[in-house]
Structure formats: C-alpha cells, structure tokens
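First up is the structure itself, then whatever we jot down about it.
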Amino acid sequence: MRWPSLSIIERLFGSGKKPQNIIWICADDYAPAVSGSFGSPVASTPNLDRLAADGIRFDRAYCACPLSTPSRMAFLTGRYPRSVGVTLTPTPLPLDERTIGHLLREAGYETAAFGKTHYYDPLSREFDKCVDMPEHRDYLESLTPRRIPAGVNILGPWRPFNDPASVWLNADCLPYRYDVEMPDTFFVENAVQYLSEKRNEPFFLWIGFFVTHSPFRFPIEFKSLFRPDEFAVPEVDPNDEPHIPPVFRDLTHQEKQGIIAAYHTSVAYMDRNVGWILKALEQAGLVDDTLVIFNSDHGYLLGEHGRFEKHCCYEEAVRSALIMRYPELIAPGRCASQLVELIDIVPTILDLCGIKIPSNIQGRSLARIIKGEAVGHREHIISEYADNAEAMVRTDRWKLIHSAGNRRRRDGYATSPVPPGPSTRLFHLTEDTSELHDVSNLTENREIGGHLINVLVSHVKLTARNPGMIPETNDPMAILEQALLPVEARKHR
C-alpha cells in the first residue's frame, strides 16, 4: 500500500535536497571511450557530453560481469551475480531477489520501464508500466510499410556464428530501418510521453536501449555519418595472438574499420535518444527534481587484443560508463577517479532518497563521492565471467585475471575445443596500460599475486549464493576451481 502522495513528498523530500524522481538510462555493450566526455575526438555524443558536464563522470566504474544479463541483475539489485544466482544468459532473476524497482515501488514511487531489461521474467512485479518488444511489434503492425530507397542496402537478420563475423558485426556499416521504425526510437517516444504527463507521486523511470549491441543498428537517416576509412584499427600485439578467438581471425583491415564505423554510428543514434529524454525532462520542468543516471551494462572491445566482443576481463570489456546528474547536490563538471562498481548504484539511489539500504546489498553508496566528501571508495574491484570460469581483481595499480580452465565455454569464443587448464595472469597497469605483459612469474611479484588470489578467494566465499558449493580446503586453487564455474551449470563443465 502506498502512502498518500503529500506524505511521500514530506517524508522523503522535506529537506529539499533529496531527488523526487529518478531516471536511469542504460546502454547495451557501450564502450565509454566512444564519447567526447570520456576522451574520444571523433565520437558524436553531444548529449552525453552535456550530461557529464552538468554532473559527475565516474572514470573508473566497472561491471560485475562482462555479460549483459548477469551484469544487469547485479546492478539492479546491488548484489553480485553469484549472489543473486544469475551468471549466464538467459537466467531469470530468482523471485526472492529484490531490485531497485521493488524497493522504490515499496517506498511509494510510481515505476515504469521502457525497453531492454534482460529480466527474462514478467516485469509486472517490478514496474507499474512496461513497454518492451511485444509492444514494439504491435506498433510496427500499425504502421504503413515504407519502401527502402533504390541503392540502399539494409541489415538482414542477426545470426551470430552462423554468418561470418563481418556480417553479424556489420562490417558493411549498413542501416537497419527508418528512424520511426526503430525499437529504441519507439521506447524513447513512449518515455517522452510519460515525462509529459502530470503526476502527484515521485517516479522511477528505467530506459533500456538495445543499441549499441551488435549488429550496431542505426536508422537509415544516420547512414553515412562516418566513413570507415576515418578509423584506425588497434594493432594486435604478438602477446595477444594465442588468445584471439578464431571467429575474429579472418576479418580484414577494411572490415574492422567498417565494424568500428558502424559502432560509432549506433552510438550517435543512442546519444540522439538520450538528448530526447533530457529535452523532455526540461520541458516538463523536472530537471532540478530528478536524479539522472546513465550507464552501460559493461564495455566492449573494438579491435583491442584482436577482439570485437566483451566476454573477457580486459579493461575495455569491464570498464563501464557511469554518469550522474542532480543539480541540487552534484556540482557540474566533476570527474571521479575512485574505483567503483555498478552494484554501487542501487545503494546510492536509496541513500540519496533517504530510504533504508537493505542489509544484503553488497554495493556501497557513492553519496560521499557525489557530495565531494570522500577521497577513496574501494581498494579493489572484482568482475567475473562464469562461462569461462574466469575472474579478475583490479586495484589502483594491478590486475590479476584467473581462469579455472575447467569449463568448455559455450559463448562461441573458445580458442580450443577442450578446456585449457588453469591460468593466472598479472598486469602492472601503471606500466602496462594495454595489459599485454603478464608479470605473474616474476619473483618480485609473487607477493602481490598471492595477495590478489587471496582477495578473490575471500570474495567467492563471502558472496556465494550456496556456500555448500565452496570446497572446504585451504587450497585457493581448489576453491577457485569450483567457485568460478557458473552457478547455474556446476555439473556441466
């Protein structure tokens, strides 16, 4: 049961400093480096850049998993994937887990979701209003089909690993359909309409874009925004050669340029949609009352390490975009260099709104960083990719990536037909920003390597959904051999 509307406002927002509304925008597979605010000289992202200029940009934010479903279920609950029991796609969130939609709804917020969530479960338990692909299909049926102009080729069906990588990664930089027919355009138009409606209760609005996921779809109107030959392709270091998935090995230099151009075009389209939301918020007179959050569910490699994907623990895959704006509290133009995790977003929202943070939430509120009161935040961050039984620990200077090597990964990116066996790599990030030189075998690094392995072991013990799955042994490798396997597939290696 909800409180009366006036009571909500008085109880939660009497200080005038707590946001009455929350808009959370999430982009799929978005690499933060492809934006002006994060340093790109070529990306077309004026609206994201403006959002960052008006708020705070987190330069070192990391996902809990470089895979959409586990990452989203983690940052929507404020808990690690292994804790909520979602480490693979398409696992639905267990019914006993409570998301930010649950928590804000219980606090009296009207909740709405437009677009992609990755829940794989009815959203009615989370949101008062939901608009997703079924509604978009109904919308398309109501439209009069438009002819594609002569000489314009468009994307066909997305068939990863059935078609060559050059096709399902859109190396020809082809548009998808007209703007009015695009799913994300439909969702944003619904969100704009939602923001124009007067309401007495505070609201939580989730907007989930389907771009910038492969095949990097964009409207016909955005065709030719970038030329493929404008883009440099990252060189592949000899140290990366053995680790490149076979699916990427036949891509030509020109095809790689085309993929990067298609990605940048889909980013420009996504940014346009962010702009529509920000403009609607301004027109509704809600800017000062609304906390706006933009993030990506993880990053994406655009040729780095010879890859065009995210299913690994390199920086480009796990580093995520995170921007927040709330004029009442956040000074404009700020950049935060602290190590933060996306699971920190939920406790931050609750903290800023004066709502009690549940004791099982594992994220840590960013409120003190936002207010300019904190110097540090986390000594390390952890991200896991269960399909490869792989996890990383990153500190300010070091990154350790450990793979149990006892699972035949099923994501299409295996480099051999059999599990490769355990491996541990250590990178000195201040000296090796590209993560090319494994220094785990150097005598002087044994202490830090052992320390980070122990950090990882402590993490898997503390965050296990089923502690009985953790072996009772003092051997850290024996613990990780079992603990890093997917929660959903412990019997299937």
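The values are calculated or read from the model by the stated rules, or taken from the named source; none is laboratory data. Fair warning: this is a prediction, and the values are worked out from it, not measured in the lab. All Cβ positions, glycine included, derive from the backbone under ideal geometry; neighbour counts span all protein chains shown.
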- Query: Ala112 versus (1) surrounded by 18 or more Cβ atoms within 10 Å (Cβ to Cβ); (2) part of a loop (DSSP other than H, G, I, E, B); (3) modelled with pLDDT of 95 or more: which is the lone unmet condition?
  - Reply: (2)
- Message: For the range 450-487, give me the residue count where each residue is touching a residue at least 40 places away in the same chain (Cβ under 8 Å) and farther than 30 Å from Pro94 by Cα.
- Response: 1
- Residue that is of a type in the set (Val, Ile, Thr), under 19 Å from Gly78 (Cβ atoms) and in contact with a helix residue (DSSP H, G or I) (Cβ under 8 Å, 6 or more places away or on another chain), where the choices are Ile330, Ile349, Ile369, Ile381: Ile349
- Within the range 290-303, is even one residue over 30 Å from Glu435 (Cα atoms) and surrounded by fewer than 20 Cβ atoms within 10 Å (Cβ to Cβ)? no
- When you scan the range 445-489, how many residues do you find that are under 15 Å from Asn406 (Cβ atoms) and of a type in the set (Asp, Glu)? 2
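Starting from residues that are closer than 18 Å to Tyr62 by Cα and not β-branched (Val, Ile, Thr), keep the ones in the range 392-425 and report whichever is surrounded by the fewest Cβ atoms within 10 Å (Cβ to Cβ).
Taking the range 392-425 first, the residues closer than 18 Å to Tyr62 by Cα are 392-402.
Then drop every residue that is not not β-branched (Val, Ile, Thr), which leaves 392, 394, 396-400, 402.
Details: Met392: 27, Arg394: 24, Asp396: 14, Arg397: 11, Trp398: 19, Lys399: 22, Leu400: 25, His402: 26.
Result: Arg397.
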- Just for the range 360-394: of the residues that are over 20 Å from the mean Cα position of the chain (by Cα) and of a type in the set (Lys, Arg), which one is modelled with the highest pLDDT? Arg368
- Using the structure shown, decide if Arg397 is in contact with a strand residue (DSSP E or B) (Cβ under 7 Å, 6 or more places away or on another chain) and at pLDDT 95 or above. yes
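Say we look at the range 128-169 and pick out the residues that are farther than 29 Å from Gly412 by Cβ and touching a Phe, Trp or Tyr at 6+ places or on another chain (Cβ under 7 Å); which of these is modelled with the lowest pLDDT? Give the derivation first.
Our first condition is that a residue be farther than 29 Å from Gly412 by Cβ; within the range 128-169, this holds for 128-131, 135, 138-152.
With the extra rule that they be touching a Phe, Trp or Tyr at 6+ places or on another chain (Cβ under 7 Å), the set shrinks to 131, 139, 146.
Details: Val131: 95, Tyr139: 98, Arg146: 91.
The selected residue is Arg146.
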- Mind listing just one residue for me: the one in the range 85-107 that is crowded, with 23+ Cβ neighbours inside 10 Å and of a type in the set (Val, Ile, Thr) and, of those, nearest to His311 (Cα to Cα)? Thr87
- Task: Can you work out which of the residues in the range 318-364 that are surrounded by 18 or more Cβ atoms within 10 Å (Cβ to Cβ) and of a type in the set (Ser, Thr, Tyr) is nearest to Asp28 (Cα to Cα)?
- Result: Ser320
- Residue list for the range 306-317, restricted to those being outside any loop (DSSP other than H, G, I, E, B) and under 15 Å from Tyr30 (Cα atoms): Glu315, Glu316, Ala317
